[in-house]
Every structure is written in structure tokens, then in C-alpha cells.
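Structure in C-alpha cells, see below.
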Amino acid sequence: MARVRRALTDVPRAETPDEVPVERAYHRVHGDRTAAESVDLLAEHLADYRAIVHRVDAPSLPALIARLLADRGATGVAVPPGLPASWLSAVPDSVRRVPDTAELTPHDLDAVSSVVTACAVAVAETGTVVLDAAPDQGRRRITLVPDHHVCVIRVPDQVVDSVPQALERLDPTRPLTWISGPSATSDIELDRVEGVHGPRTLEVILTGPETAGRS
């Protein structure tokens, strides 16, 4: 603390951080990519982090979501309040919809097989998906307790190249969750364990006009 005080001796007491411009001369993006190339890079890096990546056009999205839930044997799915209704239109009624409400407890969520959400933005260079608790994503806890997370990214609109570009789209006052692959940790012997701090399985769906005919 003494070193911090000495470093601040020439700073006027009334000065605030906003009054001093900070030079940000670092590269905002590495390389020159088209929108399609950025989406390809995102898919590559998501897969590197052991996320399961799917590509589908918008009309085929409901059927894909229904198949992914069926493949997991899902009996219930957590649903954010603003999730487009059409996304779950192909999911049979036998799969219980669990709305994200204030009454929903961690114990309730622990009995839910899967969660389906949208996202705020995705970063191609890092393979990161960012959630900001918007209505189509729900509160943070619904993406932390269920063991299977299906996240839909609208491409290319929600894909940026770099973290600085992502920050420009995000509101720092919102609860932001940065996801790079399924939850995982390692002990001192580097034994990897998945599903400790969040979903064990992350499936990402890239959907949009550029994904038509690709899977």
C-alpha cells in the first residue's frame, strides 16, 4: 500500500479516472477476416475447448434443438422468459418446460436436464460465448446448474473478432458470464474434471443465412 500511495503523490485528490484519457494503442483485432471467416474461426476455437458445434439454417433450428435434447434423454429444459417460442416448437410436450422465475431454486434446477439460451455476443479469436442475462438468456444460475447447455448464436450478427470488440457491445453493469467451453478444472496432477462449476456439456448452435446447408 505504501508503494501505491507513493505512486499517487502527484495525483490531485479531486481527480477522477474519467478525467484522464488512457491510451489504448494495442491491436483491436488480429488479422483481416471476412464475416464468414470469423464464424469459421469461432467454430474452430469452440471445438478446441471441447464444445460441440452445430451449424444450421434458421428454419431447421427447432428440429435440431429437439434432436439434441432427445439425444441427451432430457426430461426437462430450463427456459429463459424471452427465448423465442419457435425454438422449442419441435420439442415434444413430454419434455417439461421449466420457466426461469424468481421461485426457481437451485434444488429445482438440479432436477432439470438441460437449458436452452441465446447469447449476447461471441468472440472468434478466443472461442468465447458471452451471456448478459438478457430475456433470451435468463439469469446466470439457469446456465450453471443443469448439466447440459444448448446455446444458440445468431451468425454473423453476434460474432465479433476480438475481446475489445465484444466489450464495446456489452453493458458492464449487467451480470456477464464468459464461457469458453464446458465447465472444467484440473488438479495439481493435471487430471481434467468437467462439470464442476457449470454444465458438463456445452452445445453451440451457429444459425443464420451463412449456415444454410451446413451441419
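Tell me whether region 143-163 contains one or more residues that are small (Gly, Ala, Ser), at pLDDT 95 or above and touching a Pro at 6+ places or on another chain (Cβ under 9 Å). Break it down stepwise before answering.
Step one: of region 143-163, the residues small (Gly, Ala, Ser) are 162.
Adding the requirement that they be at pLDDT 95 or above leaves 162.
Filter once more, keeping what is touching a Pro at 6+ places or on another chain (Cβ under 9 Å): none.
Looking for residues that are small (Gly, Ala, Ser), at pLDDT 95 or above and touching a Pro at 6+ places or on another chain (Cβ under 9 Å), one finds none in region 143-163, hence no.
Still on this structure: Are any residues in region 13-35 surrounded by 10 or more Cβ atoms within 10 Å (Cβ to Cβ) and charged (D, E, K, R), and if so, which ones?
Across region 13-35, the qualifying residues are 15, 28, 33.
For region 72-86, give me each residue that is buried (at least 20 other Cβ atoms within 10 Å of the Cβ) and assigned to a loop (DSSP other than H, G, I, E, B). Working first, answer last.
Let us first name the residues in region 72-86 that are buried (at least 20 other Cβ atoms within 10 Å of the Cβ), namely 74, 77-80, 83.
Within region 72-86, 74, 80, 83 meet the criteria.
Can you name the number of the only condition in (1) modelled with pLDDT of 95 or more; (2) more than 11 Å from the chain's Cα centre (by Cα) that residue 176 fails?
(2)
Can you tell me how many residues within region 139-156 are within 24 Å of residue 100 (Cβ to Cβ), part of a loop (DSSP other than H, G, I, E, B) and either out of contact with any strand residue (DSSP E or B) (no Cβ under 6 Å at 6 or more places or on another chain) or open to solvent by 70 Å² or more (accessible area, probe 1.4 Å) (or both)? Write out each step before concluding.
Keep residues of region 139-156 that are within 24 Å of residue 100 (Cβ to Cβ), which gives 139-154.
Now restrict to residues that are part of a loop (DSSP other than H, G, I, E, B): 139, 144-147.
Pick out the ones that are also either out of contact with any strand residue (DSSP E or B) (no Cβ under 6 Å at 6 or more places or on another chain) or open to solvent by 70 Å² or more (accessible area, probe 1.4 Å) (or both) and you get 139, 144-145, 147.
Residues that pass the stated criteria total 4.
Something else: Which residues, taken from region 87-116, are part of a strand (DSSP E or B) and either open to solvent by 50 Å² or more (accessible area, probe 1.4 Å) or β-branched (Val, Ile, Thr) (or both)? Give the derivation first.
If we filter region 87-116 for residues that are part of a strand (DSSP E or B), which is where we start, we get 96-99, 114-116.
Of everything in region 87-116, those that are part of a strand (DSSP E or B) and either open to solvent by 50 Å² or more (accessible area, probe 1.4 Å) or β-branched (Val, Ile, Thr) (or both) turn out to be 96, 97, 98, 99, 115, 116.
Among the residues that make up region 194-210, is at least one of them open to solvent by 60 Å² or more (accessible area, probe 1.4 Å), under 30 Å from residue 32 (Cα atoms), in contact with a helix residue (DSSP H, G or I) (Cβ under 9 Å, 6 or more places away or on another chain) and touching a residue at least 24 places away in the same chain (Cβ under 8 Å)? Please lay out each step first, then the result.
Step one: filter region 194-210 for residues open to solvent by 60 Å² or more (accessible area, probe 1.4 Å), giving 196-197, 200, 209-210.
Subset that is under 30 Å from residue 32 (Cα atoms): 209-210.
Filter once more, keeping what is in contact with a helix residue (DSSP H, G or I) (Cβ under 9 Å, 6 or more places away or on another chain): 209-210.
Remaining after also requiring touching a residue at least 24 places away in the same chain (Cβ under 8 Å): 209-210.
Checked region 194-210: at least one residue is open to solvent by 60 Å² or more (accessible area, probe 1.4 Å), under 30 Å from residue 32 (Cα atoms), in contact with a helix residue (DSSP H, G or I) (Cβ under 9 Å, 6 or more places away or on another chain) and touching a residue at least 24 places away in the same chain (Cβ under 8 Å).
Ok, one more. When the residues of region 171-193 are filtered to those that are of a type in the set (D, E, K, R) and under 23 Å from residue 140 (Cα atoms), which remaining residue is surrounded by the most Cβ atoms within 10 Å (Cβ to Cβ)? It would help to see each step written out before you state the result.
So in region 171-193, the residues of a type in the set (D, E, K, R) come out as 171, 174, 187, 189, 191-192.
Of the ones still in play, those that are also under 23 Å from residue 140 (Cα atoms) are 171, 174.
Working: 171: 10, 174: 12.
Out of the qualifying residues, it is 174.
Is there a residue being at pLDDT 95 or above, surrounded by fewer than 14 Cβ atoms within 10 Å (Cβ to Cβ) and under 26 Å from residue 77 (Cα atoms) anywhere in region 118-133? Reasoning before the result, please.
Of all residues in region 118-133, those at pLDDT 95 or above come to 118-133.
If we keep only those that are surrounded by fewer than 14 Cβ atoms within 10 Å (Cβ to Cβ) too, we end up with none.
No, the conditions are met nowhere in region 118-133.
Conditions (1) under 19 Å from the mean Cα position of the chain (by Cα); (2) modelled with pLDDT under 95; (3) open to solvent by 60 Å² or more (accessible area, probe 1.4 Å), marked per residue:
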site	(1), (2), (3)
37	no, no, yes
42	yes, no, no
46	yes, no, no
50	yes, yes, yes
53	yes, no, no
56	yes, no, no
61	yes, no, no
65	yes, no, no
70	no, no, yes
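Exactly one of (1) farther than 25 Å from residue 166 by Cβ; (2) in a loop (DSSP other than H, G, I, E, B) is unmet by residue 23. Its number?
With (1) farther than 25 Å from residue 166 by Cβ; (2) in a loop (DSSP other than H, G, I, E, B) applied to residue 23, the lone miss is (1).
The values are calculated or read from the model by the stated rules, or taken from the named source; none is laboratory data. Since the model is a prediction, treat every value here as computed from it, not as a measurement. Every residue, glycine among them, receives a Cβ derived from its backbone with ideal geometry; neighbour counts consider all protein chains shown. Remember, those area values only see protein heavy atoms, side chains included, never the ligands or the DNA or RNA. Shrake-Rupley method; radii C 1.70, N 1.55, O 1.52, S 1.80 Å.
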